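Peer 1: Questions regarding the structure given below will be posed in turn.
The values are calculated or read from the model by the stated rules, or taken from the named source; none is laboratory data. On a predicted model such as this, the values are computed, not experimentally measured, just so you know. With ideal geometry, Cβ positions are generated from the backbone for all residues, glycine too; neighbour counts draw on all protein chains shown.
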């Protein structure tokens, strides 16, 4: 089992937030598609991190996004929920997690990456838009914003993950 590189995780976090924070509500397409790709950092944290650390990381990152986007705990709540179910979902989707440390599209294969990441992004976005909407009224708008934003965010997460993984491991 390889060790978790803390410096690499911190540099990935800083780079992602330098990209994400100025663009949180600036990247909107047709008032229905929002790019919350910061959640990819949380979902793709190394597998061997204990659950309490994951929950704290989810809360803090969600809180930082809440502070910059002026939302009262919506992102923090969604991130904590995602971090709570992340490892269980990974064990359901991926058969062999014994040797798994880093989570990326190479270590869990492209199909596993889609089956693992996209549902978590979808749930994260649904929670955010449900709370922002104030309930299930205007359910058509809620569903369209959730699906379209999830597809957009997942695409960004996949592209960023592809760019971060070293070329030597891609082939």
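Peer 1: Among the residues of the range 128-139, are any surrounded by 15 or more Cβ atoms within 10 Å (Cβ to Cβ), assigned to a helix (DSSP H, G or I), at pLDDT below 90 and under 11 Å from the mean Cα position of the chain (by Cα)?
Peer 2: no
Peer 1: In the range 140-154, which residue that is surrounded by fewer than 16 Cβ atoms within 10 Å (Cβ to Cβ) and more than 15 Å from residue 35 (Cα to Cα) is modelled with the highest pLDDT?
Peer 2: The selected residue is 143.
Peer 1: Out of everything in the range 105-114 that is surrounded by 16 or more Cβ atoms within 10 Å (Cβ to Cβ) and in a helix (DSSP H, G or I), what residue ends up being modelled with the highest pLDDT? Show your work before the answer.
Peer 2: Start the filter on the range 105-114 by keeping residues that are surrounded by 16 or more Cβ atoms within 10 Å (Cβ to Cβ), which leaves 105-108, 112-113.
Next, from what is left, pick out any that are in a helix (DSSP H, G or I): 112-113.
Details: 112: 79, 113: 82.
Looking at the filtered set, the residue picked out is 113.
Peer 1: For the range 34-45, enumerate the residues that are closer than 12 Å to residue 103 by Cα and either free of Cβ contacts under 8 Å to residues at least 12 places away in the same chain or assigned to a helix (DSSP H, G or I) (or both). Steps first, answer last, please.
Peer 2: We begin by selecting, within the range 34-45, every residue closer than 12 Å to residue 103 by Cα; these are 40-45.
Selection gives 40, 41, 42, 43.
Peer 1: I'm trying to understand the selection: among the residues of the range 46-96, which are surrounded by fewer than 16 Cβ atoms within 10 Å (Cβ to Cβ) and in a loop (DSSP other than H, G, I, E, B)?
Peer 2: Those that are surrounded by fewer than 16 Cβ atoms within 10 Å (Cβ to Cβ) and in a loop (DSSP other than H, G, I, E, B): 48, 50, 70, 72, 73, 95, 96.
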